Structure formats: C-alpha cells, structure tokens
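None of the figures in this text is laboratory data; all of them are computed from the coordinates on show. Since this is a predicted model, take the numbers as computed values, not measurements. Counting neighbours? That spans all protein chains shown, and the Cβs are built from the backbone with ideal geometry, glycine included.
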Amino acid sequence: MKILVLNCGSSSIKYQFYSLKGNHILAKGIVEKIGMKGSFLKHEKESGQKVLFEGEILDHKIGIEYILGVLSSAKHGCITSLEEINAVGHRVVHGGEEFSESVLITDEVITTLEKFIELAPLHNPPNLKGIYALKALVPDIPQVAVFDTAFHHTIPQHAFMYAIPFALYKKYGIRRYGFHGTSHKYVSDRACELLGVDPLATKVITCHLGNGASACAIKNGKSIDTSMGFTPVEGLIMGTRSGDIDMGAVAYIMDKEKIGTKSASTLFNKHSGLLGITGISSDSREIRAAADKGDERCLLAIKMFDYRIKKYIGSYAAAMGGLDVLVFTGGIGENSDVTRSGVCEELEFLGIEIDQKINIGLKGEECVISKAGSRVKVIVVPTNEELMIAIDTQNIVYKKD
Ligand code: ADP
C-alpha cells in the first residue's frame, strides 16, 4: 500500500510518501511560504536526490497540486499515475471529545472538524484546507484524519478536568485535551517493543522535547495524564511557550500592560519559554552554546527547563503508583545528552540511573541509556509520527474494505 502523509500548517505543507511494504519512504518534502512571496516546494526522492521548485503557491490547494504533480512526474516522481496513491493520512491537531481514534474522512467528519476550529484556531483550519483540496483534486482517494488529541482520550475525568465552574466545561468544553498523542503512543509502544516488556503491564513516562514539549503518563498502554492541556501552552517550558504559569500572573500582566486576549495569547505562546527567559533564542542548541560561554540567563533557562520536566516525572510516577520506563524523544530529547542528564540528575531515589558512558554523545538513535542495574529503564526513541499516521491510515482504509 502507498500512503501519502500530510501535515498542513498555516503557511506550509510537509509530506511523506510511504510504501508500507517494508515501511520505507518513497519521497518526502515541504511546500513553504504558501500565500507569500518566494513560495517553493522542496522535494527529496528515496535516493536522496533533491529538487527545488519555485512558483506562486497562493493557497493550500495549489500547494497540494504541486505535491501531486511532483510525485507523479516522469523526471522526479515515484509513481506513474495518481491512482497508485491508495490513501492520504492527515495530521489533524484537534479531535475534541468526539474522536478517540483515527477516522475515515466523510462529509459528516468534516462538519464535526469545522466545529473544532474554535478549539484550535491556529491548527485545525490549515488541516481542513488540506482535506478540502484533496477532496476537490482526487475525490476517489480515501482520506483519514489522525488526531494529536486521540491517544489522550483515556485520561480519566478527575485528571482532565480543571477546577472551574462545571458549567464552563459543559458549555465550552474547557478541559485538558493534550497533544503530541501520536508521538507519545509511537515512542511508548516502540520502547516496550525494544525492551521486550508487555505494554499492557508497564508504567511509562514519555518526554517529547522539541520546540513544543510535553510529557505523558502511560499506564498499561493508556495515556492517563499529559502536560499540555486545553491548548498546547500548558505544562513544560517550550521554545516560545511559557508552559505552566499562575493565571493570576496572566491577569495581572494583561492589566498592567493593557493588553487584550489576542496579545496575551501571543505573549505566552510566541514570546515566552526559552526565548522569553534568554532573550536570545528559542533554539536549545544556541542557548547551550551561549551558556557554555557563561551567559547567565541561558544557564537559568536550562535549569528551569530541566527542573520543570523533573517535576512532571515525579508527579506522573506518583499518579501511576510507580515507573518502569522513561522515554526521551523530540529534537532535544533525542539529541541532547546534557538535557537527559540534567533531567535525570538526583532521580536515583525513583530508580532512574543513567549510564553516562552510553548517554554522552548519543544522538538520534534508539538506545537504552540506563545502567544495567537501573530499576527504571531509560531509553531514547526517535519519534516517527508520520509512519504512525501512515500505518493508522492503512488500518482504517483496510477495515473499511
Ligand atoms: P518541533 O517541535 O518543531 O518538531 P524538533 O523536535 O525538531 O521541534 O526540536 C527542535 C529542538 O531540538 C530545538 O530546540 C533544537 O535546538 C533541538 N535540537 C535539534 N537537533 C539537536 C542536536 N543535535 N543537539 C541538541 N539539540 C538539538
């Protein structure tokens, strides 16, 4: 089966084209600067050969026309006709309370997703644009939505509720939804597979540490809590998002700075986190380089970042009544030995003991980094959300047949 996986953002479309015979990528690429000057498509074939197309890519539909065009082109493509695409899988950020798993996209599903625009105003509209475009261009190819929120459907009510008037939950759906679900599920399943343990009898904490970052408590294969909440701004400190903050401070800042909800949202989503603390960068590599030269705020940001993760690990171990496996993933989790060390420092009391001989220098590889005798197994698993989306898409379309 050949599956096209799409991740449609506000001005970009990332794609990977999979052959699920052997799980390999036939081609991948990105359309960037949609609707702006200088838009382009960057395409890479399985052989590694790259090609760049510049053009006026005014909207998502044109972007997808470019992608379908290059995939089926005689010179750069990997299929002779679009009929070879068996299905398209979309990363959809918000599935609300409705979708607990991936779903075949029908008109009814589209109508429901349109209702969730209110819950994810930045993310769901571009996801929908990709769906509309495919429907218009190749209506016979089945499309599947794979949700960032779906894996967290198993979080019990006492963990997903906020302690606000119950009526507001009922009226507006204000609750923890959680995100990065596809990644948490993938790395947790993969970690259990690599360690040879039964996921249905294992307590796992996954730390997805990228520009966006979240932790997840997975007990016996089910997400029982996660750090992102009603929106992706809650929880861990991120590249530009604050993570947890006293809402009293939010109200105070809005009052003092005389800003409304839009500006406040921009402040806490785009100007906070590592960027806000350091004033230099949201990129952990740049912050690390400045810290190595003695920059005090970068040193502080690193300490805050690691400390917040450590607190979540402690609280999730308590929430699950124990811990068997700790997983690091995402750009920082996969590549930064110093972050992994900083987070695990002084967690020996929980049974977490890292083997620095293995940890130091390890980048982007599946590897157990705990000492042989460590009660908790600590493991690095590079995430692969696209493969997970491709597999889910295949399963849904197959079930339909
Ligand atoms: P996104 O959430 O946008 O998918 P990524 O998972 O790509 O983000 O993670 C981006 C973060 O990973 C950045 O802070 C970057 O500095 C960090 N990162 C990427 N590669 C490395 C590396 N080799 N060493 C340390 N940090 C890295």
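Against the chain, whose longest principal axis comes from its Cα atoms, helix 247-257 is set at around 80 degrees. For the chain, the relative contact order comes to 14 percent (Cα pairs under 8 Å, sequence separation of at least 6). Dipole size of the stretch 316-392 about its Cα centre, with +1 on Lys/Arg Cβ and -1 on Asp/Glu Cβ: approximately 240 debye, rounded to the nearest 20. From helices alone, the chain scores -11500 deg cm²/dmol at 222 nm; the rule is -39500 (n - 2.57) for each run of n ≥ 4 DSSP H residues, then divide by the residue total.
If you count the DSSP beta bridges with both ends in the stretch 1-133, what percent of them are antiparallel, to the nearest 5? Bridges in the stretch 1-133 are about 85 percent antiparallel.
Exceedance of the 31 Å cut-off in Cα-Cα distance is limited, within the set Lys115/Lys310; Lys219/Lys363; Lys37/Lys399, to Lys115/Lys310; Lys37/Lys399.
Projecting the Cα atoms of Leu195, Ser183, Ser39 onto the dipole axis of the chain, where Lys and Arg carry +1 and Asp and Glu carry -1 at the beta carbon, places Ser39 farthest toward the positive end. Summarising the strand pairing of the chain, around 70 percent of its internal DSSP beta bridges are antiparallel. Scattering from the stretch 260-401 was approximated by placing one identical point on each alpha carbon and applying the Debye formula without solvent; log10 I(q)/I(0) at 0.15, 0.18 1/Å stands at -0.90, -1.09. Dividing the mean sequence gap of close Cα pairs (under 8 Å, 6+ apart) by how many residues the stretch 42-154 holds gives a relative contact order of 33 percent. Dipole magnitude for the chain: about 360 debye, using +1 per Lys or Arg Cβ and -1 per Asp or Glu Cβ, origin at the Cα centre. Given +1 at the Cβ of Lys and Arg, -1 at the Cβ of Asp and Glu and no other charges, the dipole of the stretch 48-168 around its Cα centre is 320 debye to the nearest 20.
How many angstrom lie between the C-alpha centres of the stretch 269-339 and the stretch 89-143? Each part reduced to its Cα centre gives a spacing of 33 Å. Our summary of shape: the Cα atoms of the chain have principal axis extents of 58, 54, 45 Å, ordered from largest down, in whole angstrom. Largest first, the three principal axis extents of the alpha carbons in the stretch 135-239 are 45, 43, 30 Å in whole numbers.
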